[in-house]
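The values are calculated or read from the model by the stated rules, or taken from the named source; none is laboratory data. Treat the numbers as computed from the prediction; the structure is a model and nothing was measured. Neighbour counts run over all protein chains shown; Cβ positions are idealised from the backbone, glycine included.
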Amino acid sequence: MPRKMKKIYAAAEAVRTACGSAQIGIVLGSGLAGFEKALEDPREINFDEIPGFPKSAVAGHAAKFIAGTIHDKRVLVMSGRYHHYEGHSLFKVTIPIRVMALLGVNTLILTNAAGGVNTSFSPGDLMMITDYINLSGHNPLRGRNLDEFGPRFPDMTNAFDKQLQSIALQRAAYHNIKLHRGVYTWWNGPSYETPAEIRMVRSLGGDAVGMSTVPETIVARHCGMRVLGISSITNMAAGVIDAPIKHDDVLAMGAQVGEKLRLIIDSFIEYFPLQEL
């Protein structure tokens, strides 16, 4: 068995023992923690208790898995995530997604804090991700393929599931929450983008920029998961408005918009038919 597979299986066994299995996985981004409070009979494990998991030092990330039940569906919440800019390999950044796959997760909801490029957006808006642009120059599937999870060349034509998008839009409309649609652009970070880079993103068709989500999406699709992605527009990107970007402000706006996002996710889970899982 490849060394990487041994690490993934060991990590999955630790999470399974602590939390059990799940049908739906959720990754909570910067400033968006709190959804796990809706879980019935929660069970959790800190990342530093899981074999092979690195430590995350990013403010706003709790760094733990919490599993429980919502609307009669088993949900595994990843509160916090790893980033490539922390110095972690993309294998380590995405190992939690593969762990989720081994625990039975086949529907993944990814959230993040993002900078708005589309000038029709405002801080506090939500954007459903319809596609992504990878400007990092990196791919988490580089190297030997892990055949146990998926094919060497996975298709990304529908990286974000259209049926899941339709349900999310319906539930957002029901709650009178505006849910924009747009393309997410992944940059390495940790520095924010320059105004010239943002102009380039806009010319390429990008609507928001961020430093996560794309590697998780790629690995999730490699594992055969269906993916829904939602960005909280916590700030306007460099040059869109004449103001500096500060991480503390990003966290504060993430917390402010978090209630709307939690409402959409809760309603999405409630109305997502079990037979689709």
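Considering the range 179-194 alone, what residues qualify as being more than 15 Å from Asn118 (Cα to Cα) and of a type outside the set (A, V, I, L, M, F, W, C)? Hits for the range 179-194 are Asn188, Gly189, Pro190, Ser191, Tyr192, Thr194. Among (1) without any contact (Cβ under 8 Å) to a residue 12 or more places away in the chain; (2) outside any loop (DSSP other than H, G, I, E, B), which single condition is Val183 missing? In the conditions (1) without any contact (Cβ under 8 Å) to a residue 12 or more places away in the chain; (2) outside any loop (DSSP other than H, G, I, E, B), Val183 misses (1) alone. Screening Thr94 with (1) surrounded by 21 or more Cβ atoms within 10 Å (Cβ to Cβ); (2) in a strand (DSSP E or B); (3) of a type in the set (S, T, N, Q) gives one miss only, at (2). When the range 6-45 is filtered for residues that are at pLDDT below 95 and loosely packed, with under 15 Cβ neighbours inside 10 Å, the ones remaining, listed by number, are Lys6, Lys37, Glu40, Asp41. Considering the range 226-277 alone, what residues qualify as being within 24 Å of Ala196 (Cα to Cα) and either among the aromatic types (Phe, Trp, Tyr) or assigned to a helix (DSSP H, G or I) (or both)? If the condition is that a residue be within 24 Å of Ala196 (Cα to Cα) and either among the aromatic types (Phe, Trp, Tyr) or assigned to a helix (DSSP H, G or I) (or both), then His247, Asp248, Asp249, Val250 are the ones that fit. Cβ-Cβ distances below 7 Å connect the following pairs, each with a first residue in the range 187-204 that is touching a residue at least 24 places away in the same chain (Cβ under 8 Å) and among the β-branched types (Val, Ile, Thr), a second residue that is surrounded by 12 or more Cβ atoms within 10 Å (Cβ to Cβ) and in a loop (DSSP other than H, G, I, E, B), and a separation of six or more residues or different chains: Ile198/Val117; Ile198/Ala237; Ile198/Gly239; Ile198/Val240; Val201/Val117. Of all residues in the range 131-151, those that are at negative phi and free of Cβ contacts under 8 Å to residues at least 24 places away in the same chain have Cβ atoms under 7 Å from Cβ atoms of residues that are loosely packed, with under 13 Cβ neighbours inside 10 Å and part of a loop (DSSP other than H, G, I, E, B), 6 or more apart or on another chain, in Asn145/Arg152.
Identify, from the list Ile45, Ile24, Ile66, the residue that is touching a Cys at 6+ places or on another chain (Cβ under 9 Å), in contact (Cβ under 8 Å) with a residue 40 or more places away in the chain and among the β-branched types (Val, Ile, Thr).
Details: Ile45 fails: in contact (Cβ under 8 Å) with a residue 40 or more places away in the chain; Ile24 fails: touching a Cys at 6+ places or on another chain (Cβ under 9 Å).
It is Ile66.
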